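What follows is a short report on a single structure.
Where a number appears in this text, it was derived from the coordinates with a stated rule and is not lab data. Predicted model, so just to flag it, every value in this text is computed and none were measured. Here the Cβ is made from the backbone with ideal geometry for all residues, glycine too, and neighbour counts use every protein chain on show.
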Amino acid sequence: MAKVNFKIWRGEKGDGGYKEYTTEVTEGMVVLDAVHQIQAETAPDLAVRWNCKAGKCGSCSAEINGKPRLMCMTRCSDLPLHEGVTIEPMQAFPHLRDLVTDVSFNYRAKKQIKPFKPRKPDAPDGTWRMSQVDVEKAQEFRKCIECYLCQNVCHVLREHAKHDEFIGPRLFVYSAALEMHPLDTEDRLKDLKDRDGIGYCNITKCCTTVCPEHITITDNAIIPLKERVVDAFYDPLAKLFRGLGKKKS
Amino acid sequence: MASYKTLEFDVLVIGAGGAGLRAAIEASAAGAKVGVVSKSLLGKAHTVMAEGGVAASIGNVDDRDNWRVHFSDTMRGGQYLNNPRMAEIHAKEAPARVLELEAWGALFDRTKDGRILQRNFGGHKFPRLAHVGDRTGLEMIRTLQDHAIHKQIDFHMECTVVTLLKHDGRVTGAFGYYREHGQFVVIRANAIVLATGGIGKSFSITSNSWEYTADGHALAYRAGADLMDMEFVQFHPTGMVWPPSVRGILVTEGVRGEGGVLRNSQGKRFMFDDIPDLYKNQTAKDEEEGWRYVTGDKDANRPPELLTRDHVARCINREVKEGRGSPHGGVYLDIAWIKEKIPNAQEHIKKKLPSMYHQFKELAGVDITTEAMEVGPTCHYVMGGVRVDAETQMSTVPGLFAAGECAAGLHGANRLGGNSLSDLLVFGKRAGEHAAAFALGQTGPFPDANAQVADAAAWAEEPFARDQNGDNPFRVQHDLQAMMHAKVGIVRIDSEMREALDDLKSLGERSLAAPVSGNRDFNPGWHTAMDMRNMLTVAEAVTLAAVERQESRGAHFRDDFPAKDPEAAKFNIVLRQGSDGAMQVVRTPVVARTDEQDAVIKEMG
Ligand SMILES: Cc1cc2nc3c(=O)[nH]c(=O)nc-3n(C[C@H](O)[C@H](O)[C@H](O)COP(=O)(O)OP(=O)(O)OC[C@H]3O[C@@H](n4cnc5c(N)ncnc54)[C@H](O)[C@@H]3O)c2cc1C
Ligand code: SF4
Ligand code: SF4
Ligand code: FES
């Protein structure tokens with residue numbers, strides 16, 4: 001039990017600054033609890049997104065002491081509380097108010113990606129057969145809770161603001177889930193290369209480090225996609241096959 | 001008059017959880033122009049949190065399963081207060097709805113021969129829950145979301161509806177605001193599907209999020225629709241109890257489905273002590289038989305940990321009350337013990353229950369592969385909701401439909417785990433289909449609604465005009481939760497519930513006076529002030545219905561009437577607004593079962 005000083009970034013559309021609040025931190029509290037407590041005690045208009053409070057919905061992303069994290073999964077006791085705690089909104093998205101940012105870019109970018117297109121059913125009753133090992137590859141990517149923390153740390157978006165040419169790690173994970181889905185027959189490689197900017201990724205792995213779902217974004221999603229793009233467009237033999245209408249196996 | 005934006009659709013779906021998305025997809029496929037609004041961002045609705053699985057008698061793991069068994073399990077679980085027609089439709093259509101998800105990209109866990117794997121769950125006779133580890137809801141909402149965004153559906157995220165508009169007795173639209181900037185919006189539509197989920201935020205220990213302020217229930221009630229079965233609020237037996245800040249967060253029933261057992265402080269598996277008559281010949285005689293059941297022995301009966309939720313929750317309550325609880329007021333849930341039975345138990349647990357493993361590791365510092373968890377009941381689900389027609393999901397107000405958790409009928413007095421996700425799919429689809437048909441059958445321009453809109457806007461702006469009085473909406477909400485939990489919680493008694501009704505009056509007065517600071521831009525204090533009206537209305541409905549049902553059945557337990565009353569098995573309790581504005585409580589006969597339905601129930605024993 002201790003009174004702890006929280007510095008929360010408050011303001012509208014990027015205009016604002018830190019405001020300090022002191023609140024009591026008790027055993028087991030996570031940062032989101034502290035924010036709620038501050039809301040209830042002194043700042044009812046403090047804007048913050050959350051839903052599940054259990055790391056399942058990906059709503060409460062923020063930067064805590066400079067580190068991108070889910071507020072609901074960050075225990076206060078893991079932070080150096082005597083130094084105070086700083087909470088800021090994600091930096092790679094347009095600011096709306098206090099801890100809330102405009103993440104609509106992610107929804108727009110997702111909509112461009114060609115949807116799932118299954119092969120014909122395997123059985124007369126319209127169902128498919130897939131082995132557990134085969135589904136597990138794509139299941140890793142389907143764990144994504146769309147917290148956008150990976151988008152937030154990727155320098156291509158954060159520093160270079162290439163939102164128009166680069167869909168970001170989250171959407172590479174989404175593309176990988178589709179491309180590696182055992183039933184999918186769609187081809188997204190040209191889009192990945194030309195429109196989605198997979199070439200901009202220089203494998204810094206910052207995205208993997210922050211993913212709260214521990215998805216190995218770079219190694220398991222992005223690198224294999226890059227390899228497929230290379231095989232399809234820069235490998236002369238594969239190019240020939242493509243010309244003949246051969247699709248990915 | 002306040003400025004507002006106007007949108008027009010054939011069908012407006014309020015809510016973007018499983019029920020809302022499924023309804024929108026269907027209405028759009030039927031040729032209707034569809035809009036969807038939701039309080040949160042797309043993909044964040046409660047459905048995302050569901051863990052254990054979706055119930056459908058596909059029969060992949062045990063081919064003795066079929067719709068008849070699922071139907072009779074659902075009826076038994078609901079203590080026969082269910083609408084039997086809904087239970088039948090649900091049991092028959094759930095398999096097709098789940099398989100359809102696979103065609104849209106969902107990747108369920110597999111059986112050895114490559115089909116959808118199904119797991120055991122409380123109250124289901126056979127392994128019936130299709131699942132993806134313990135994140136089935138995420139798989140389901142993402143599949144529906146990613147499918148729906150390519151269907152010409154107009155999504156308005158972070159947009160909250162506060163009032164429905166009506167004309168000549170039918171709905172003609174809705175009034176709401178965008179959370180981001182507080183701008184008002186009028187949405188005209190000839191049919192509306194409510195898919196707003198539950199009411200769990202009215203209790204202090206809950207697995208539900210800020211969204212569950214009972215909006216759909218209250219919107220329907222104020223629009224003149226009937227609410228039904230509101231006394232049945234499900235307390236899930238296993239929520240986290242420690243540390244305090246995570247109290248209430250759900251521990252999936254899947255833990256017990258995988259072999260987890262409940263013990264008291266004396267190390268005793270107390271669930272064997274009290275097995276209800278209705279389930280006597282479906283329950284394991286000893287621990288050994290229980291273990292055989294969870295490992296797939298078809299001749300074994302289920303362990304008592306997998307009895308229905310209402311019963312397990314009350315047994316836990318009893319252990320704690322009688323002094324055999326764990327240090328923080330729960331009991332122990334132990335999955336680690338399976339290492340006595342299988343090799344690689346630690347890996348097995350992590351694989352089958354990955355998010356439970358992380359949840360305890362990260363939030364409580366407990367490693368569930370080696371230690372027992374401390375658990376206790378948490379408010380989880382409401383069986384009650386908008387009374388709807390079984391075939392179409394239309395409420396008693398023309399053009400107003402409801403599906404998913406905000407609708408009543410399927411679950412009766414108690415819902416079986418896994419029957420909600422299937423409910424969303426089956427009845428979401430039906431609501432979408434019939435809402436589209438209704439809307440496309442309407443002709444002519446939308447009738448004038450200016451007066452209703454002006455009233456709604458004035459109401460929404462009013463909280464900013466209140467004088468500072470030291471109170472705020474969060475405090476009122478907090479006190480409402482504590483009061484409901486204490487007085488209308490798991491164990492109820494007439495005198496306390498009557499106090500609750502008085503308390504609701506004073507909380508109502510406080511909520512009308514609690515001031516709001518700041519402006520209309522993304523202001524949670526203001527949003528909470530508006531949500532309070534819904535929470536208070538529905539808390540009153542729950543309390544009045546609970547006073548009226550003078551017996552104990554399913555999720556409703558009365559200390560002063562601890563037994564079931566055969567007479568009370570004959571009616572459901574309906575709540576509707578009287579012409580004087582007061583809430584009326586009406587007993588209506590339970591929908592009669594057909595001879596065929598009775599025969600199925602009898603056959604299943
Ligand atoms: C932790 C947890 C685990 C669960 N596990 C399981 C399980 O394993 N199996 C199972 O079958 N069930 C499970 N359930 C229950 C099940 O998840 C829910 O009952 C179900 O998801 C509800 O779906 P829905 O579509 O009715 O509503 P929700 O998914 O809750 O969606 C409600 C939608 O309505 C919107 N909304 C609400 N009010 C308004 C308003 N005024 N204006 C605009 N939009 C509004 C919300 O923003 C949201 O989009 C679980 C529940 C919880 C909490
Ligand atoms: S690995 Fe690629 S996508 Fe991930 S952060 Fe680095 S540059 Fe961005
Ligand atoms: S990939 Fe990981 S970090 Fe990125 S959005 Fe998904 S869950 Fe978040
Ligand atoms: S609130 Fe859902 S992830 Fe934090």
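Here are some notes:
- Angle of helix B:524-548 to the longest C-alpha principal axis of chain B, folded into 0 to 90 degrees and rounded to 10: 60°.
- Over all directions, the projected convex hull of the C-alpha atoms in the stretch B:465-527 averages 4.8 nm² in area.
- Three-way shape label, the stretch B:11-55, alpha-carbon gyration tensor, a/c 1.5: oblate
- Phi angles of the stretch B:11-22 translate, via the Karplus equation with coefficients 6.51, -1.76, 1.60 and θ = phi - 60°, into HN-Hα couplings of 10, 9, 9, 9, x, 10, x, x, 5, x, 5, 5 Hz per residue; Gly and Pro are given as x.
- The trypsin sites (Lys or Arg not before Pro) of the stretch A:1-97 that meet both conditions, a loop assignment by DSSP and at most 15 other Cβ atoms within 10 Å of the site Cβ, are A:K13.
- Cβ-derived FRET efficiency at R0 41 Å, A:H82 paired with B:R324, nearest 0.05: 0.50
- Shape index of chain A: Rg/Rh, with Rg the Cα radius of gyration and Rh the Kirkwood radius from the inverse mean 1/r over Cα pairs, equals 1.06.
- Every Cα-Cα pair in the protein assembly as shown was counted, and those over 51 Å apart are 11% of them.
- Only helical runs count toward this figure. For chain B, summing -39,500 (n - 2.57) over DSSP H runs of n ≥ 4 and dividing by all residues gives -11000 deg cm²/dmol at 222 nm.
- Bridgeable lysines around B:K602 (alpha carbons under 16 Å apart, same-chain partners fewer than 8 residues away excluded): B:K125, B:K280.
- The alpha-carbon atoms of the stretch B:451-571 define a convex hull whose volume equals 126 cubic angstrom per residue.
- Tilt relative to chain B, helix B:419-440 - C-alpha long axis, 0 to 90 degrees, to 10: 30 degrees
- Distance in nm between pseudo-label sites at B:K151 and B:Y4 (7 Å out along the Cβ direction from Cα): 2.7 nm
- Two-site FRET efficiency, A:T185 against B:L278, from Cβ-Cβ distance with R₀ of 56 Å, rounded to 0.05: 0.70
- Loop-resident trypsin sites (Lys or Arg not before Pro) (DSSP state other than H, G, I, E or B) in the stretch B:94-201 with no more than 16 further Cβ atoms inside 10 Å of their Cβ: B:K112, B:K151.
- With the convex hull drawn around the C-alpha atoms of chain B, the volume per residue stands at 147 Å³.
- Averaged over the residues of A:36-49, the number of partner chain Cβ atoms lying within 10 Å of the residue Cβ comes to 6.
- Sequence-separation-based contact order of the stretch A:1-70, relative, with Cα cut under 8 Å and 6+ spacing, percent: 20 percent
- Amide H contacts under 5 Å for B:V193: B:L12, B:V13, B:I14, B:F401, restricted to partners 5 or more places along the chain or on a different chain, H placed in the peptide plane at 1.01 Å from N.
- Using a cutoff of 8 angstrom between alpha carbon atoms and counting only pairs six or more residues apart, the relative contact order for chain B works out to 22 percent.
- Once you reduce the stretch B:368-424 and the stretch B:285-340 to the center of their Cα atoms, the two points are 24 Å from each other.
- As a rough footprinting exposure proxy, the listed residues A:H36, B:H478 were ranked by other beta carbons within 10 Å of their own, and the order from fewest upward is B:H478, A:H36.
- In summary, the aspartates and glutamates within cross-link reach of B:K92, defined as a Cα separation below 15 angstrom excluding same-chain residues under 8 places away, comprise B:D65, B:D73, B:E100, B:E391, B:D423, B:E596.
- Computed lengthening from B:I342 to B:V591, 0.36 nm per intervening residue step minus Cα-Cα distance: 84.9 nm
- Within the straight-line cut-off of under 26 Å between alpha carbons, the lysines reachable from A:K67 are A:K3, A:K7, A:K13, A:K19, A:K53, A:K56, A:K110, A:K143, A:K162, A:K205, B:K44, B:K361, sequence neighbours fewer than 8 places apart in one chain being disregarded.
- Of A:T101, A:L79, B:V491, farthest towards positive along the dipole that unit charges on Lys, Arg, Asp, Glu beta carbons give the protein assembly as shown: A:T101
- With a 10 Å cut-off around each Cβ of B:245-257, the average count of Cβ atoms from other chains is 3.
- Inter-site label distance for B:S495 and B:N469 at 7 Å from Cα along Cβ, in nm: 3.1 nm
- Between B:K602 and A:K7, the modelled label-to-label distance comes to 7.6 nm, taking each label 7 Å out from Cα in the direction of the beta carbon.
- Chain A, helix-only ellipticity at 222 nm - DSSP H runs n ≥ 4, -39,500 (n - 2.57), divided by all residues, nearest 500: -9000 deg cm²/dmol
- Within the protein assembly as shown, DSSP assigns beta bridges of which about 70% are antiparallel (rounded to the nearest 5).
- For peptide B:516-526, the mean count of partner chain Cβ atoms within 10 Å of a residue's Cβ comes to 6.
- The C-alpha atoms of chain A define a longest principal axis, and helix A:31-41 lies at about 40 degrees to it.
- Taking Cβ atoms as reference points and 11 Å as the exclusive limit, the residues near A:C150 contribute a net charge of +1, counting Lys and Arg as +1 and Asp and Glu as -1.
- Those trypsin sites (Lys or Arg not before Pro) in the stretch A:104-161 that DSSP places in a loop and that have at most 15 other beta carbons within 10 Å: A:R119, A:R129
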